[in-house]
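Below is one structure, written out as structure tokens; the observations come after it.
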Amino acid sequence: MFSALNLFKHKTRKASKKFETICIVGLPKCGTTYLLDFFINGNFTNIVHKRKEATNLMNGNRFIKFKHCIAKNPRIIWDIEYWSKQLKYFDDTSEKCLFIVCVRPYNDAIYSLYKYFQKGGSISNNMKYNIFLDSHKKTYLDIEKNIITLKNTVKELVVLRFNESIINENTYKIIEDLNIDFKTLKEKKWGKHTPKKMPEGVFIDEELSLAYQSLLNNPLVNSITYKNKKYLYEVGVLYRFCKIWRSLNC
């Protein structure tokens, strides 16, 4: 039977446990690469950011035990049913894993993806935006449902709203608030980011705007947003008492 002191120590260890594995699952053009770069500059030495590598990793073919590992595939949230078994395995095998979904107003995200694909040569410069939009629209309309599916699949999930956190909040503070085991000697200066605005005259799809608003209003999604932070471990009364007791008896 635990003595009171042993119980306090047990609670203390539990409270200090940090996330040592991160899986960034989407959305594209919502800050996923930006977040990956932060982890690359620190102590996350196992970096996986390509679809094939992520598949191999989550099937257990790369590491026996995931620790200080960062996996990124911004398309996972698009096809969550396909990835569900791999994500569950990854979650069960990792050292305390946090899954991150980055979201952004859908019209902004799709237009940014359109310009990114054009720049990279993935689509023709002659492709009309409305054609690209139509080909991606349904994928974005499913995001709210997919986030709920992911929430019911993994143990720890956070939703980062691009406009509220990634570009307007110090990223080091976000990582600290999320209780991630992140250390770096290569800290870079952080500054607010101003993403390019959609040019005037670009078509704004009303259905996508309403879908994004529905996501913001969904209480199940709101409960796991960075801004809400209800999912985070909150230090309990017992832990606080233990901390005071230790300081008085040192």
### Hey, residue 184 assigned to a loop (DSSP other than H, G, I, E, B), touching a Ser or Thr at 6+ places or on another chain (Cβ under 6 Å) and in contact (Cβ under 8 Å) with a residue 40 or more places away in the chain or not
no
### Summary
Counted residues in segment 128-168 being farther than 19 Å from residue 223 by Cβ, over 15 Å from the mean Cα position of the chain (by Cα) and not hydroxyl-bearing (Ser, Thr, Tyr) come to 12
### Task
Among the candidates 100, 70, single out the residue that is buried (at least 20 other Cβ atoms within 10 Å of the Cβ) and at pLDDT 90 or above.
100
### Query
Are any residues in segment 106-138 within 18 Å of residue 31 (Cβ to Cβ) and of a type in the set (Val, Ile, Thr), and if so, which ones?
110
### Summary
Counted residues in segment 16-58 being of a type in the set (Gly, Ala, Ser) and either at pLDDT 85 or above or more than 20 Å from residue 173 (Cβ to Cβ) (or both) come to 3
### Task
State whether one or more residues within segment 231-250 are farther than 30 Å from residue 40 by Cα, at pLDDT 90 or above and either in contact with a Cys (Cβ under 6 Å, 6 or more places away or on another chain) or surrounded by 12 or more Cβ atoms within 10 Å (Cβ to Cβ) (or both).
no
### Message
Looking at (1) within 22 Å of residue 105 (Cα to Cα); (2) modelled with pLDDT under 85; (3) within 16 Å of the chain's Cα centre (by Cα), which one does residue 224 not meet, given that it meets all the others?
### Response
(2)
### Query
For residue 191, all conditions in the list (1) modelled with pLDDT under 70; (2) in a loop (DSSP other than H, G, I, E, B) hold save one; what is the number of the exception?
(1)
### Query
So which of 122, 135, 112, 165 ends up being loosely packed, with under 14 Cβ neighbours inside 10 Å and under 29 Å from residue 90 (Cβ atoms)?
122
### Query
Only one of these conditions is not met by residue 204: (1) aliphatic (A, V, I, L, M); (2) within 13 Å of the chain's Cα centre (by Cα); (3) outside any helix (DSSP H, G or I). Which number is it?
(2)
### Task
Considering only segment 17-43, state which residues are on the phi > 0 side of the Ramachandran plot and either surrounded by fewer than 24 Cβ atoms within 10 Å (Cβ to Cβ) or assigned to a loop (DSSP other than H, G, I, E, B) (or both).
29, 31
### Task
Scan segment 167-181 residue by residue and report those that are part of a loop (DSSP other than H, G, I, E, B) and among the hydrophobic types (A, V, I, L, M, F, W, C).
167, 178
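The values are calculated or read from the model by the stated rules, or taken from the named source; none is laboratory data. The shown structure was predicted, so the numbers you read here are calculated from the model rather than taken from an experiment. Methodologically, a virtual Cβ is constructed for each residue, glycine included, from the backbone with ideal geometry; neighbour enumeration extends over all protein chains shown.
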